[in-house]
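Have a look at the structure below before the remarks.
The values are calculated or read from the model by the stated rules, or taken from the named source; none is laboratory data. Predicted model, so just to flag it, every value in this text is computed and none were measured. Positions of Cβ are generated from backbone atoms using ideal geometry, with glycine treated the same way; all protein chains shown enter the neighbour counts.
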Amino acid sequence: MNATIPTDYYLWLSLALFTIGVIGVLTRRNVIIILMSIELILNAVNINLMVFSRMWGSVDGQVFAIFVITDAAAEAAVGLGIILAFFRNRETLLADEMDMLKW
Amino acid sequence: MAALNSILFFFLSALAVVSAILMVTRRNIVHGAVYLITTLLATAGIFLLLQAEFLFVVQVILYVGGIMVLFVFVIMLVNLDVSLLRFQFNGQRFVAGVLALALSAQVFLAIWMGRNSLHLPEPAASIAAKNTEAVGDALFQRFMLPFEIASILLLVAMIGAVVMAKRRV
């Protein structure tokens, strides 16, 4: 009896999380929720890296996942810093009111 | 053992997907953050099923303990009644939903056509026992340069966050 779950089940899970994240990025107005949806997308990518690392029996995918998590941390720190600075100036968190570059 | 693995996988997947959907659709940002934490913890469980113990710990400590605390902290800092506004979704939501579904349908097709060539090997006890050691070896030998570049990236992000959050630039 096969003790493992097929690889494509993990890929379906990853695809579902990725799609939900993309929908969140494209449809929400709140910038913090957009950032959180990006974290969700990065997380879906991590599942893919991990399952292929397991499939090929090598840890390279896990090392790449560590780099992805590093990037997520850097992105969250800088993005939240930008949100704080923007909120201090404009008193809003809505993405469609961030239009100062459109003039 | 196989049954336990399957039950755990389906439970964790359902938890991750349901809380992700709730995260994207809730009005209140704090609720969204809590649902995202649930998704991240369920994903950490998936990592454990895939015998990536080190990544499981990194996910729990760094994502849930670090990044999400940062998110919740910023939500507390900027909390005005923006979360109770009437229009939480922007005007392009139908177009955006259709486009996102088209994108996911493409990926769905790709996975569907290639699914027979994908199969996980049986878990190897000897490799699983030394996961952290293997990751450390790879990180400090073959991936030494990317590792150092990542540290510079973190330094830049730290300085950038401090400068941007300062009151007077």
Exactly one condition in (1) touching a Phe, Trp or Tyr at 6+ places or on another chain (Cβ under 6 Å); (2) closer than 23 Å to B:LEU70 by Cβ is false for B:THR43; which is it? (1)
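Does A:THR92 fit the bill of being within 8 Å of another protein chain (Cβ to nearest Cβ), without any contact (Cβ under 8 Å) to a residue 12 or more places away in the chain and within 17 Å of B:ALA96 (Cα to Cα)? Break it down stepwise before answering.
On the way: within 8 Å of another protein chain (Cβ to nearest Cβ): yes; without any contact (Cβ under 8 Å) to a residue 12 or more places away in the chain: yes; within 17 Å of B:ALA96 (Cα to Cα): no.
The answer is no for A:THR92.
Mind checking whether some residue in segment A:22-42 is closer than 27 Å to B:GLN141 by Cβ and either touching a residue at least 40 places away in the same chain (Cβ under 8 Å) or touching a helix residue (DSSP H, G or I) at 6+ places or on another chain (Cβ under 8 Å) (or both)?
At the first step, the residues of segment A:22-42 found to be closer than 27 Å to B:GLN141 by Cβ are A:42.
So of that shortlist, the ones also either touching a residue at least 40 places away in the same chain (Cβ under 8 Å) or touching a helix residue (DSSP H, G or I) at 6+ places or on another chain (Cβ under 8 Å) (or both) come out as A:42.
Checking segment A:22-42: at least one residue is closer than 27 Å to B:GLN141 by Cβ and either touching a residue at least 40 places away in the same chain (Cβ under 8 Å) or touching a helix residue (DSSP H, G or I) at 6+ places or on another chain (Cβ under 8 Å) (or both).
So which residues in segment A:1-10 are in contact (Cβ under 8 Å) with a residue 24 or more places away in the chain and surrounded by fewer than 23 Cβ atoms within 10 Å (Cβ to Cβ)?
So in segment A:1-10, the residues in contact (Cβ under 8 Å) with a residue 24 or more places away in the chain come out as A:7, A:10.
Residue satisfying the conditions is A:THR7 alone.
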Go through (1) under 16 Å from B:ALA150 (Cβ atoms); (2) buried (at least 17 other Cβ atoms within 10 Å of the Cβ) for A:VAL68 and report which single condition fails. (2)
If you go through segment B:105-115 one residue at a time, do you hit one that is modelled with pLDDT of 70 or more, exposed (fewer than 15 other Cβ atoms within 10 Å of the Cβ) and in contact with an Asp or Glu (Cβ under 9 Å, 6 or more places away or on another chain)? yes
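Give me the residue from segment B:3-38 that is closer than 20 Å to A:ILE5 by Cα and β-branched (Val, Ile, Thr) and, out of that set, surrounded by the most Cβ atoms within 10 Å (Cβ to Cβ). Steps first, please.
From segment B:3-38, those closer than 20 Å to A:ILE5 by Cα are B:3-17; that's our starting set.
With the extra rule that they be β-branched (Val, Ile, Thr), the set shrinks to B:7, B:17.
Working: B:ILE7: 10, B:VAL17: 18.
Taking the candidates together, the pick is B:VAL17.
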Out of (1) surrounded by fewer than 22 Cβ atoms within 10 Å (Cβ to Cβ); (2) of a type outside the set (S, T, N, Q); (3) part of a helix (DSSP H, G or I), what's the single condition that is false for B:TYR63? (1)
